[in-house]
1. What pairs in Lys122/Lys207; Lys122/Lys155; Lys110/Lys146; Lys110/Lys185 have C-alpha atoms more than 30 Å from each other?
2. Using the charge dipole of the chain (Lys, Arg: +1 at Cβ; Asp, Glu: -1 at Cβ; taken about the Cα centre), state which of Asn109, Ile95, Thr61 has its Cα farthest towards the positive end.
3. Any idea how far apart Gln93 and Ser195 come out in nm if each label point goes 7 Å out from Cα toward Cβ?
4. Multiplying the sequence separation of Asn46 and Gln124 by 0.36 nm and subtracting their Cα-Cα distance, what value in nm do you get?
5. Ordering Thr26, Thr61, Thr117 by accessible area with a probe of 1.4 Å, largest first, what comes out?
6. Ile70 accessible area, nearest 10 Å², 1.4 Å probe?
7. Heavy-atom accessible area of Lys191 with all protein chains present, probe 1.4 Å, nearest 10 Å²?
8. Between Thr85 and Ala114, what is 0.36 nm times their sequence separation minus the Cα-Cα distance? Round to one decimal in nm.
Amino acid sequence: MTVEQYITTKVTMLDTPLIVLDFETTGLSPAMGARITEVAALRVVNGEVIERFVSLVNCGTRIPREITAITGITQAMVNSAPRVTEVLPALIQFIGKDALAAHNASFDNKFLLAESTGLGLKPQHQHLVCSLLLARRLMPQRPSYKLGELARELKIRFSGNAHRAEADAEVTVHLINHLSQTLRKQHQCSKVDPSLLCAINRQTAAKVPAFLTSQRSGI
């Protein structure tokens, strides 16, 4: 099996390219020995996915039964997958200097950094956007901000199984598009880019309306 990379052509709500990333892993923390088992990185331009990097990953580690029950990724699947020494350099090259986004981005970013550091590599992305934080800021008082719950509320369908990297990344793309559209239509933001989304991430939900007003007025 080789690293799967393929291209689709279409169009999005953001003004600049964004890489939407999702990892499946053996656990919650690389500091506790968890490793990646699957990655999906989707390059989004003007709201549409134009390029994809998708691969299972062999880190030479055991997959707990409870993780297989959640993701459907088996030991046999990763044993025959490309090794992390092949996947990570290709992934970092694919991301380049584009902005990075993920749902609960701190989770995916800590695995990206841990796996990269282990190979003596350094990611070059310029921004890190968290769609979970964005949803909290722009869709306050929801009972849950889990990706599946937000997808259900917004009627976003999973094209594959939830808790698989590509399917989760695709739903995250739709969620970011929805939030970007909210910024344009409800908050009259003429330009939506990763730097604005990161700035919103840093605000509390109560301060977001005033912050966006100040951005429109140039204050």
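1. Numbers: Lys122/Lys207 34 Å; Lys122/Lys155 37 Å; Lys110/Lys146 19 Å; Lys110/Lys185 33 Å.
Result: Lys122/Lys207; Lys122/Lys155; Lys110/Lys185 exceed 30 Å.
2. Asn109
3. 3.0 nm
4. Numbers: separation 78, 0.36 × 78 = 28.08 nm, distance 2.17 nm.
Contour length minus Cα-Cα distance gives 25.9 nm.
5. On the way: Thr26 20, Thr61 45, Thr117 100 Å².
I get Thr117, Thr61, Thr26, largest accessible area first.
6. Looks like 100 Å² after rounding.
7. The accessible area comes out at roughly 120 Å².
8. On the way: separation 29, 0.36 × 29 = 10.44 nm, distance 1.30 nm.
That pair, Thr85 and Ala114, stretches by 9.1 nm at full extension.
The values are calculated or read from the model by the stated rules, or taken from the named source; none is laboratory data. What you are looking at is a predicted structure, and each value in this text was computed from that prediction instead of being measured. Neighbour counts are summed over all protein chains in view; Cβ atoms, including those assigned to glycine, are modelled from backbone coordinates with ideal geometry. Note: accessible area is taken over every heavy atom of the protein model, side chains too, but ligands, DNA and RNA are not part of it. Shrake-Rupley method; radii C 1.70, N 1.55, O 1.52, S 1.80 Å.
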